[in-house]
1. Any idea what Rg and Dmax come out to for the stretch 69-123 if you just take the C-alpha atoms, in Å?
2. Rg and Dmax of the stretch 99-150 over Cα atoms: what are they, in angstrom?
3. Name the residues of the stretch 38-57 whose amide N is less than 14 Å from a point 7 angstrom out from the Cα of K26 along the C-beta direction?
4. For the stretch 55-100, max minus min Cα coordinate along each principal axis, in Å, sorted largest first?
5. Rounded to two decimals, what is the ratio between the C-alpha radius of gyration of the stretch 3-132 and 2.2 N^0.38 Å?
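Nothing in this text is a laboratory measurement; each read-out follows from the coordinates by a stated rule. Computed from a predicted structure; not experimentally measured. Please note: Cβ atoms are built from the backbone with ideal geometry, for glycine as well, and neighbour counts cover all protein chains shown.
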Amino acid sequence: MTTTLDRTAPRDLAAELPARLSLTPKTMLAGRLDGAWWPRSRDLEAELPPLAAALEESWGRVTRVTVNPARWPVVPHTVAVDGRVMHVGWFTEQDPDKLILLSYTVGRWDLLVIPPETEPAAAARLMAAAAVPGSALTAGVLMANEAAIGRGVRDAQRQEAGWEGEGGACMSPFGSPMVRSGLPLPGNGRR
């Protein structure tokens with residue numbers, strides 16, 4: 001898959017919009033993830049400043065971020081955030097669906113990264129699942145589960161469309177339409 005960045009689009013738009021986040025409530029239960037982030041694009045320079053700003057009050061100043069370059073077409077070494085520099089690193093060994101945030105004062109947080117092109121219903125399910133306290137599910141497992149759910153939803157929609165396209169015809173257990181005249185119903189001449 002090839003992704004290109006539109007460098008002509010105004011980056012100020014991303015800075016004006018708040019980061020779409022779902023964070024795990026503070027509890028004694030430690031899980032694999034600390035929440036989820038749903039960026040609006042794959043442009044780290046545009047997306048990281050609103051994320052850092054949203055987390056600064058509750059988590060402290062984010063000084064370093066790591067990503068897997070498989071999901072990001074350009075990984076800058078640094079990103080300017082409110083007049084300071086945030087360092088960005090990449091590791092191919094890191095889960096491609098996870099972002100790691102580091103702070104000198106508070107520690108480390110792992111966020112599920114929901115792809116920008118994700119449908120809102122799927123993103124809502126992922127954001128809720130990633131914010132469950134004490135969950136042992138990894139970012140990769142959550143994304144695989146959502147892919148399976150998405151396939152199930154699409155299959156159900158196809159089946160419903162087929163039902164509607166056939167006029168709501170009765171189906172045999174083998175998947176073929178049954179002839180309505182063959183059904184013994186009152187008023188169709190059969191007894």
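1. Answer for the stretch 69-123, Rg first and Dmax second: 13.1, 36 Å.
2. Cα radius of gyration and Dmax of the stretch 99-150 are 12.3, 39 Å respectively.
3. From the stretch 38-57, the list is 56-57.
4. Largest to smallest, the principal-axis extents are 29, 20, 12 Å.
5. 1.00
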